[in-house]
Amino acid sequence: MTAGVRLIIMGRQGAGKGTQCQRISRHYVVPHISTGEILRAAVREGTELGKMAKQVIEAGRLVGDDIMIEIIRERLEQDDARTRGYILDGFPRTVAQADLDVPRDLVIQRISARRVCRDCGTNYVATAQKRDPWICDSCGGDVVQRNDDTPESISQRLDLYESQTSPLLKFYGQDGRLVEIDGSLSPDEVFATLTVAIDQARKNG
Ligand SMILES: [Zn+2]
């Protein structure tokens with residue numbers, strides 16, 4: 001079996017991060033740990049940290065690093081992550097790191113086309129051919145556009161990403177642990193580039 005990896009994947013919204021994380025996760029047999037997902041799970045399950053996070057969210061604020069770090073720490077202590085490693089998606093800190101770089105207009109185009117099933121969460125991409133109503137292939141639920149997938153809202157999220165992430169990229173770039181990948185290529189090309197970069201980084205220790 002291939003050796004595991006410890007990775008942080010950073011990329012703008014719409015850079016294709018979700019897709020690539022899933023593929024890398026299968027390829028290296030490591031859990032894909034989406035910080036957004038484990039945060040929602042902690043809130044849903046009402047864990048100690050989840051309750052703290054819920055209060056913050058309900059007050060309309062962003063969950064701070066202190067709570068996030070603890071939630072992530074708990075997840076990384078589980079067996080799969082301890083033995084195989086992990087792909088950390090949405091939180092920056094650790095060994096190797098890949099940045100998916102995609103032009104802003106392409107991001108807005110990709111996200112604006114994003115549709116999701118209201119019931120089961122399956123993702124779809126809108127095409128020129130209009131489907132109205134759009135019924136989910138998996139469960140028959142309504143396929144809709146998320147409220148925050150509008151160009152204005154995407155633009156705001158991109159600004160936030162720019163301002164918060166640039167310092168991090170610089171930080172990781174300085175000690176040679178950053179690999180930047182062009183995310184505007186096809187998913188297959190991006191995946192191939194990623195695995196080459198990961199294997200190379202692993203060889204260099
Ligand atoms: Zn569905």
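Every number in this text was worked out from the coordinates using simple rules, so none of it is lab data. Computed from a predicted model, the values in this text were never measured in an experiment. No Cβ is skipped: glycine too gets one built from the backbone with ideal geometry, and neighbour counts run over all protein chains shown.
Details
- Proportion of all alpha-carbon pairs of the range 102-205 beyond 17 Å (%): 67 percent
- Ranked packing of 137-147, 119-129, most packed first, by mean Cβ within 10 Å: 137-147, 119-129
- Between Tyr124, Val144, Gln156, the Cα set farthest toward the positive side of the dipole of the range 99-188 (charges on each charged residue's Cβ, about the Cα centre) is that of Val144.
- Compared with the rule-of-thumb size 2.2 N^0.38 Å for a compact globular protein, the chain has a Cα radius of gyration ratio of 1.07.
- Rounded to 5, percent antiparallel among DSSP beta bridges of the chain: 25 percent
- Extended-chain gain in nm, criterion 0.36 nm per residue less alpha-carbon gap, Thr47 and Asp80: 9.8 nm
- Near Thr195, once Lys and Arg are set to +1 and Asp and Glu to -1 for all other residues with Cβ below 12 Å from its Cβ, the sum equals 0.
- Comparing mean-square fluctuations of Ile87, Ile57, Ile33 from a GNM of the chain with C-alpha springs under 10 Å, the top value falls on Ile57.
- Size of the range 30-92 as Cα extents on the principal axes (Å, biggest first): 37, 21, 16
- R0 of 41 Å, Cβ-Cβ distance Val56-Gln129: FRET efficiency to nearest 0.05: 0.45
- A Gaussian network model of the chain, with springs between Cα atoms under 10 Å, assigns the largest mean-square fluctuation among Gly60, Gly11, Gly173 to Gly60.
- Full-stretch length increase - Arg73, Ser138 - with 0.36 nm per residue and alpha-carbon distance subtracted: 20.0 nm
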